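Colleague: Please see the structure below; I have some questions.
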Amino acid sequence: MSRVLRWLLLAWLALIAGAAAAHEMSIAEMELRETAPGEFLWQWTATARPVGSDLVPRWPAPCTADGNLLRCGDAGLKGTLAVDGVGKRYSAVIVKMFWRDAGSRVATLTAAQPEVQLFGSAEDRRGFAEIARAYVGLGVQHILTGTDHLMFVAGLLFLVGFNRRLVWTVTAFTVAHSLTLALSALGWLSLRPPPVEATIALSIVLVAAEALRREDTLSRRWPALVAFGFGLVHGLGFAGALRQFGLPENHLLTALVGFNVGVEIGQLLVIAAAWAVCRALAPWPGFARTRVPALYAMGSVAAWWACARIVKIVAA
């Protein structure tokens, strides 16, 4: 049984490393810029590797592509724009469109919403329901693919356990990251991403270390306070992702609330899954012994992330 547990632990570490790498390079950017009436130059920008055949745009019906030149005629950029392949090697595609009259629009395509309706100008005519559905999906997707955020939530579970205090701890974390997410998304609070990402990694190290200790520490007495403090930082991380996706000006509050609701749904799904796994494996004699190796693995991976992110800050 111990050998099986060791192999499971190694596989879990490999999965974390792979998921972390995939998460960092999972967003592709496309830019369309109008150069003449009905004509656009398009290109992939800000991607970690050449897109190649991973993503294939499907242009609105009036448009025809000749290399990087897109001709849409008198109708302009109007109709349904889709990208085949989104949700596989890239979790999202951000499409930035610029018109000659200085108007611009940002659209985000995901596996849940792989197409967007364009109206020939920067005006966004999507309704409340479509915006809400899109940003709830983006929030769920972001938390489920955000390995560092998930590891922090797992650390809180190890620290608190499945009891009444977990409700207050998760609530404090939710309130805190909702606050800074809103402040940052609205432009009232701004911090550079590298220090935020380094602090998020350090928060995982701290929670894992506190969960390993047997003393009655502040974190054990007041886990909700620790969750609230670090939740403020995690909210800034969520805001960074939301800025990448872009916010529609005419439904700003709807998109912001929808994204936050999606994050909460994803978070609750993870907690429910963890509870189900613990209940299923609790009768196994060796299950309790996996707690310490799992915490050391989490802390080690997070410490490596923190060092790498701090080095980026220093080297910048």
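The values are calculated or read from the model by the stated rules, or taken from the named source; none is laboratory data. Just so we're clear, the structure is a prediction, and the values are computed from it rather than from any experiment. Cβ: placed from backbone, ideal geometry, glycine included. Neighbour counts: every protein chain shown. Just the protein is used for accessible areas: all its heavy atoms, side chains included, with ligands, DNA and RNA removed. Shrake-Rupley method; radii C 1.70, N 1.55, O 1.52, S 1.80 Å.
Colleague: So V233 passes all but one of these: (1) farther than 30 Å from G127 by Cα; (2) touching a Phe, Trp or Tyr at 6+ places or on another chain (Cβ under 8 Å); (3) aliphatic (A, V, I, L, M). Which condition number does it fail?
Modeller: (2)
Colleague: Could I ask something else about it? So the check is Cβ under 6 Å with 6+ separation or different chains; which pairs have a first residue in the stretch 51-68 that's among the acidic types (D, E) and a second one that's assigned to a loop (DSSP other than H, G, I, E, B) and open to solvent by 30 Å² or more (accessible area, probe 1.4 Å)?
Modeller: That search, which allows pairs on different chains as well, returns D54/R89.
Colleague: Restricting attention to the stretch 132-186, and to residues there that are surrounded by 21 or more Cβ atoms within 10 Å (Cβ to Cβ) and of a type in the set (F, W, Y), which single residue is farthest from T254 (Cα to Cα)?
Modeller: Only one residue fits best here, namely F152.
Colleague: Filter the strands (runs of 3 or more DSSP E) completely within the stretch 14-110 down to those with at least 1 residues that are more than 30 Å from the chain's Cα centre (by Cα) and modelled with pLDDT under 85. Don't jump to the end; show me each part of the working.
Modeller: Numbers: elements: 27-36, 39-45, 56-58, 64-66, 69-71, 78-84, 92-98, 104-110.
Output list is empty.
Colleague: OK, next. Out of curiosity, is D216 open to solvent by 70 Å² or more (accessible area, probe 1.4 Å) and among the acidic types (D, E)? Break it down into steps so the answer makes sense when it comes.
Modeller: On the way: open to solvent by 70 Å² or more (accessible area, probe 1.4 Å): yes; among the acidic types (D, E): yes.
Yes: the conditions hold for D216.
Colleague: Among the candidates L269, L242, L252, which residue alone is closer than 20 Å to T145 by Cβ, at pLDDT below 90, in a helix (DSSP H, G or I) and aliphatic (A, V, I, L, M)? Step through it out loud before you land on a result.
Modeller: On the way: L269 fails: at pLDDT below 90; L252 fails: closer than 20 Å to T145 by Cβ.
Answer to the selection: L242.
Colleague: Please state which of the following conditions S300 fails to meet, knowing it meets all the rest: (1) under 20 Å from the mean Cα position of the chain (by Cα); (2) open to solvent by less than 80 Å² (accessible area, probe 1.4 Å).
Modeller: Unmet for S300, out of (1) under 20 Å from the mean Cα position of the chain (by Cα); (2) open to solvent by less than 80 Å² (accessible area, probe 1.4 Å): (1).
Colleague: Quick test of your reading of the structure: P193 fulfils all but one of (1) touching a Gly at 6+ places or on another chain (Cβ under 8 Å); (2) under 30 Å from N250 (Cβ atoms); (3) open to solvent by less than 20 Å² (accessible area, probe 1.4 Å). Name the failing condition by number.
Modeller: (3)
Colleague: Can you tell me which of (1) more than 26 Å from the chain's Cα centre (by Cα); (2) closer than 30 Å to V196 by Cα is the one A294 doesn't meet?
Modeller: For A294, the exception is condition (1).
Colleague: Here's another thing I want to ask about it. Could you please let me know if W284 is surrounded by 14 or more Cβ atoms within 10 Å (Cβ to Cβ), within 25 Å of F158 (Cβ to Cβ) and of a type in the set (F, W, Y)?
Modeller: Working: surrounded by 14 or more Cβ atoms within 10 Å (Cβ to Cβ): no; within 25 Å of F158 (Cβ to Cβ): yes; of a type in the set (F, W, Y): yes.
Spelling it out, it is not the case that W284 is surrounded by 14 or more Cβ atoms within 10 Å (Cβ to Cβ), within 25 Å of F158 (Cβ to Cβ) and of a type in the set (F, W, Y).
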